[in-house]
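Here's the structure we're looking at; comments come further down.
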Amino acid sequence: MPFQLQILHASDLEGGVDAITNAPNFAAIEEFLEEQGGVFNSITLSAGDNYLPGPFAAASNDRETFRDEEVFNDFYNALFGLDGTAGQYESLREGLGRVDISIMNQIGFDASAIGNHEFDFGTSTFFDIIAPDFRDPGLEDDRWVGAQFPYLSANLDFSGDEDLASLFTGQILTSDAFETGPEESLAGADVPKIAPATIIEEVDPDGVTQQIGVVGATTQIIEDISSTGGVEVIGPDQNDMAALAAILQPQIDRLTAEGVNKIILVSHLQQFALEEELATLLNGVDVIISGGSDTINADAEDVARGLQPGDTPDRDYPVQTTDAAGNPVLIVSTNGEYSYVGRLVVTFDDNGVVLPGSVDPNVSGAFATTDAGVQALFGNEDPFADGTDAAAVQDLVGKTVDIVTEQDSVVFGSTDVFLDGRRAEVRTEETNLGNLTADANLAIAQQADSTVQVSIKNGGGIRDAIGSVDDDGNLLPTEANPASGKQAGEISQLDIANSLRFNNGLTLLTLTADELRQILEQGVAGTEDGATPGQFPQVSGISFSFDDSGQAIEFDDDGN
């Protein structure tokens with residue numbers, strides 16, 4: 001019998017300051033769509049980058065709030081329905097990124113790809129975020145519950161990392177085998193958190209158990225762009241889709257050998273075009289959830305319903321292609337920072353082949369997590385009623401408000417214009433925020449060495465604009481914040497920390513003119529239509545131009 005499935009999805013949740021409003025709205029929309037599903041089954045998937053260094057991720061490391069006020073205890077006692085009769089949590093603790101992962105636990109994500117930003121704090125913090133910290137006896141002394149879903153990557157080798165090796169399993173287990181709630185704690189269970197693939201089991205309206213396979217893929221250049229510790233890429237450490245397909249295909253074949261004929265790839269390759277290329281090289285994948293590129297897939301109905309202010313679609317929803325055997329593949333992506341809930345409602349035929357014609361644009365698409373987007377779905381109903389996922393998420397992220405508001409009260413300057421740190425701009429062209437930050441780096445470097453002449457800042461290190469976008473898409477200076485006392489146009493510590501979340505350090509190098517040219521060439525080498533390469537240079541002390549229609553120049557070891 002044909003099987004209809006609703007796939008709710010996110011790409012690059014990457015909680016920034018906007019998560020304070022976006023995340024509760026995301027939870028409300030996801031919950032509404034899941035409950036609206038009715039006769040068809042529903043799963044929720046992420047394409048990775050579920051947290052990111054910055055004020056929001058750091059806020060959950062505040063002991064006074066999350067331990068002393070027992071925020072995490074209350075949150076998880078409610079999530080697991082613990083009333084104290086069989087024990088409850090009393091010692092859960094603060095930690096980097098734990099609010100982010102708690103939001104996902106509350107919403108009920110079934111699986112996630114591993115993105116590059118999962119490693120930004122290092123592998124020990126990645127471990128601390130997703131692994132439980134059980135203490136004997138009972139629940140009262142447990143320090144953390146971990147992620148309640150599997151993290152997936154078939155092309156990373158975890159065996160050489162002292163932190164993450166113990167969390168990996170090469171087995172293909174059902175998604176519920178990765179849960180670490182009260183039952184697993186009381187049983188003293190040793191539960192994995194990372195795998196190449198998983199199986200999600202859904203009971204259809206006829207009472208038949210349907211198995212959906214999910215395989216994970218991570219960008220092959222991750223060792224160059226994050227802090228992977230002892231984790232290594234399997235195969236080449238550069239973008240090579242044929243090599244990646246050869247690594248993923250055996251995992252897909254393992255699923256089909258077990259009788260799983262509906263397979264989804266959660267893929268974090270950072271460029272949507274790479275997922276498109278990869279799809280044509282695989283056999284058996286029906287749907288790809290693309291991550292890392294912030295590509296907005298949206299159709300005309302989504303635009304009419306309303307996107308986030310200033311957003312326009314990059315591609316239609318979904319993008320259709322074919323696999324190596326000529327079978328259809330659907331690829332979807334959303335923008336990051338909890339800004340959209342993706343919804344793909346699709347039918348599989350008796351053989352598990354996806355039917356593109358079953359996708360109704362009036363049903364599937366990108367749902368913007370604006371207040372208006374929530375209102376359009378809920379009408380006069382309260383989206384944050386007691387007992388809802390949205391109410392729990394709203395309460396949790398509300399605990400971060402005082403922490404980030406304190407940073408917003410510290411003013412460093414002012415601006416009359418929008419400081420452009422938007423991904424599509426700062427990674428492809430000169431922007432005023434790119435210039436400002438490169439100029440600032442040069443000024444600081446010259447304090448250490450007055451002979452420094454040039455500053456180069458990678459565009460990928462700028463994570464957000466400083467300013468606001470109104471409903472008509474107009475780019476404006478910063479808004480006033482009465483809670484912090486910040487006036488319109490002022491630039492606060494929070495604005496800076498949110499935009500420059502990685503707090504990257506400076507390195508002084510002595511270069512020849514030819515070496516400088518090589519660096520600039522490498523910086524623009526990834527520029528092409530639809531690409532947003534993080535190495536794109538924002539510069540100070542030098543000017544240059546380039547031809548993005550030409551071939552990148554390759555240099556030998558001698559710079560020739």
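The values are calculated or read from the model by the stated rules, or taken from the named source; none is laboratory data. Since the model is a prediction, treat every value here as computed from it, not as a measurement. When we count neighbours, we look across all protein chains shown, and the Cβ atoms used for this are built from the backbone with ideal geometry, even at glycine. To get the accessible areas, we keep the full protein, side chains included, count just its heavy atoms, and leave off ligands, DNA and RNA. Shrake-Rupley method; radii C 1.70, N 1.55, O 1.52, S 1.80 Å.
On the basis of being under 21 Å from the mean Cα position of the chain (by Cα), crowded, with 24+ Cβ neighbours inside 10 Å and hydroxyl-bearing (Ser, Thr, Tyr), does THR370 make the cut?
For THR370, the condition - under 21 Å from the mean Cα position of the chain (by Cα), crowded, with 24+ Cβ neighbours inside 10 Å and hydroxyl-bearing (Ser, Thr, Tyr) - is not met.
So for segment 179-201 (the condition being under 25 Å from ASP323 (Cβ atoms), surrounded by fewer than 18 Cβ atoms within 10 Å (Cβ to Cβ) and at pLDDT 95 or above), does at least one residue qualify?
So far as segment 179-201 goes, yes, one or more of its residues are under 25 Å from ASP323 (Cβ atoms), surrounded by fewer than 18 Cβ atoms within 10 Å (Cβ to Cβ) and at pLDDT 95 or above.
Give me the pairs, please: first residue somewhere in segment 291-315 and small (Gly, Ala, Ser), second residue anywhere and open to solvent by 50 Å² or more (accessible area, probe 1.4 Å) and part of a helix (DSSP H, G or I), beta-carbon distance under 7 Å, and either six or more positions apart or on two chains.
GLY306/ALA372
Which one of these is within 20 Å of the chain's Cα centre (by Cα) and more than 30 Å from ALA246 (Cα to Cα): ASP136, ASP128, ASP204?
ASP128
For residues that are more than 30 Å from PHE66 (Cα to Cα) and of a type in the set (Val, Ile, Thr), scanning just segment 401-422, find the one that is least open to solvent (accessible area, probe 1.4 Å).
Taking the candidates together, the pick is THR415.
On the basis of being in a loop (DSSP other than H, G, I, E, B) and either among the polar types (S, T, N, Q) or open to solvent by 30 Å² or more (accessible area, probe 1.4 Å) (or both), does ALA304 make the cut?
no
This table checks each residue for (1) among the aliphatic types (A, V, I, L, M); (2) within 21 Å of the chain's Cα centre (by Cα); (3) open to solvent by 10 Å² or more (accessible area, probe 1.4 Å).
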residue	(1), (2), (3)
THR218	no, yes, no
ILE221	yes, yes, yes
ILE234	yes, no, yes
ASP240	no, no, yes
ALA246	yes, no, yes
GLN249	no, no, yes
THR256	no, no, yes
VAL260	yes, no, no
ILE264	yes, yes, no
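Got at least one residue in segment 235-248 being closer than 29 Å to ALA368 by Cβ and either outside any loop (DSSP other than H, G, I, E, B) or not hydroxyl-bearing (Ser, Thr, Tyr) (or both)?
Checked against the condition, which is being closer than 29 Å to ALA368 by Cβ and either outside any loop (DSSP other than H, G, I, E, B) or not hydroxyl-bearing (Ser, Thr, Tyr) (or both), segment 235-248 yields no hits at all.
Return yes when ASP142 is buried (at least 23 other Cβ atoms within 10 Å of the Cβ) and acidic (Asp, Glu) and no when it is not.
In short, yes.
State all residues of segment 96-123 that are free of Cβ contacts under 8 Å to residues at least 60 places away in the same chain and over 13 Å from the mean Cα position of the chain (by Cα); if no residue qualifies, say none.
Scanning segment 96-123 gives LEU96, ARG98, ASN105.
I'd like the residue in segment 93-129 that is among the hydrophobic types (A, V, I, L, M, F, W, C) and in contact with a strand residue (DSSP E or B) (Cβ under 6 Å, 6 or more places away or on another chain) and, out of all such residues, is farthest from ILE199 (Cα to Cα).
So, considering only residues that are among the hydrophobic types (A, V, I, L, M, F, W, C) and in contact with a strand residue (DSSP E or B) (Cβ under 6 Å, 6 or more places away or on another chain), the one farthest from ILE199 (Cα to Cα) is ILE114.
Considering only segment 253-268, state which residues are more than 14 Å from VAL353 (Cα to Cα) and assigned to a helix (DSSP H, G or I).
Answer for segment 253-268, where residues must be more than 14 Å from VAL353 (Cα to Cα) and assigned to a helix (DSSP H, G or I): ASP253, ARG254, LEU255, ALA257.
So how many residues does segment 35-71 have that are of a type outside the set (Gly, Ala, Ser), touching a residue at least 60 places away in the same chain (Cβ under 8 Å) and closer than 30 Å to GLN270 by Cα?
The total comes to 11.
When the residues of segment 266-281 are narrowed to those that are open to solvent by 40 Å² or more (accessible area, probe 1.4 Å) and of a type in the set (A, V, I, L, M, F, W, C), which ends up modelled with the highest pLDDT?
Filtering segment 266-281 for residues that are open to solvent by 40 Å² or more (accessible area, probe 1.4 Å) and of a type in the set (A, V, I, L, M, F, W, C), the one modelled with the highest pLDDT comes out as LEU281.
Among the candidates ASP439, ASP449, ASP416, ASP389, which residue alone is out of contact with any Phe, Trp or Tyr (no Cβ under 7 Å at 6 or more places or on another chain) and under 30 Å from ILE103 (Cα atoms)?
ASP389 is the lone residue from the list that is out of contact with any Phe, Trp or Tyr (no Cβ under 7 Å at 6 or more places or on another chain) and under 30 Å from ILE103 (Cα atoms).
Confirm whether ALA78 is over 30 Å from GLN211 (Cβ atoms) and within 23 Å of the chain's Cα centre (by Cα).
no
Restricting the search to segment 377-400, which residues are in a helix (DSSP H, G or I) and either acidic (Asp, Glu) or surrounded by 13 or more Cβ atoms within 10 Å (Cβ to Cβ) (or both)?
The answer is LEU377, PHE378, ASP389, ALA390, ALA391, ALA392, VAL393, GLN394, ASP395, LEU396, VAL397.
Residue pairs, Cβ under 8 Å, 6 or more apart or interchain, first in segment 257-279 and in contact (Cβ under 8 Å) with a residue 60 or more places away in the chain, second surrounded by fewer than 24 Cβ atoms within 10 Å (Cβ to Cβ) and basic (Lys, Arg). List them.
These pairs meet every condition: PHE272/ARG315.
Pick from ASN61, ASN50, ASN73: which is open to solvent by less than 10 Å² (accessible area, probe 1.4 Å), among the polar types (S, T, N, Q) and assigned to a loop (DSSP other than H, G, I, E, B)?
Criteria check complete, one pass: ASN50.
Name the single residue that is modelled with the lowest pLDDT among those in segment 423-441 being crowded, with 20+ Cβ neighbours inside 10 Å and among the charged types (D, E, K, R).
Looking at residues that are crowded, with 20+ Cβ neighbours inside 10 Å and among the charged types (D, E, K, R), I get ARG423.
Here are some residues: ASN362, ASN335, ASN351. Which one is in a loop (DSSP other than H, G, I, E, B) and open to solvent by less than 40 Å² (accessible area, probe 1.4 Å)?
Selected residue: ASN335, the only one of ASN362, ASN335, ASN351 that is in a loop (DSSP other than H, G, I, E, B) and open to solvent by less than 40 Å² (accessible area, probe 1.4 Å).
Taking ASN105 and the conditions (1) at pLDDT below 95; (2) assigned to a helix (DSSP H, G or I), which numbered condition does it fall short on, given that it satisfies the others?
(1)
Could you check, for segment 82-99, whether at least one of its residues is within 21 Å of SER267 (Cα to Cα) and buried (at least 20 other Cβ atoms within 10 Å of the Cβ)?
So far as segment 82-99 goes, no, none of its residues is within 21 Å of SER267 (Cα to Cα) and buried (at least 20 other Cβ atoms within 10 Å of the Cβ).
Any residue in segment 495-512 that is under 16 Å from ILE225 (Cα atoms) sitting within a Cβ distance under 6 Å of a residue that is open to solvent by 80 Å² or more (accessible area, probe 1.4 Å) and part of a helix (DSSP H, G or I)? List the pairs, counting only those 6 or more apart or interchain.
Every condition considered, no pair remains.
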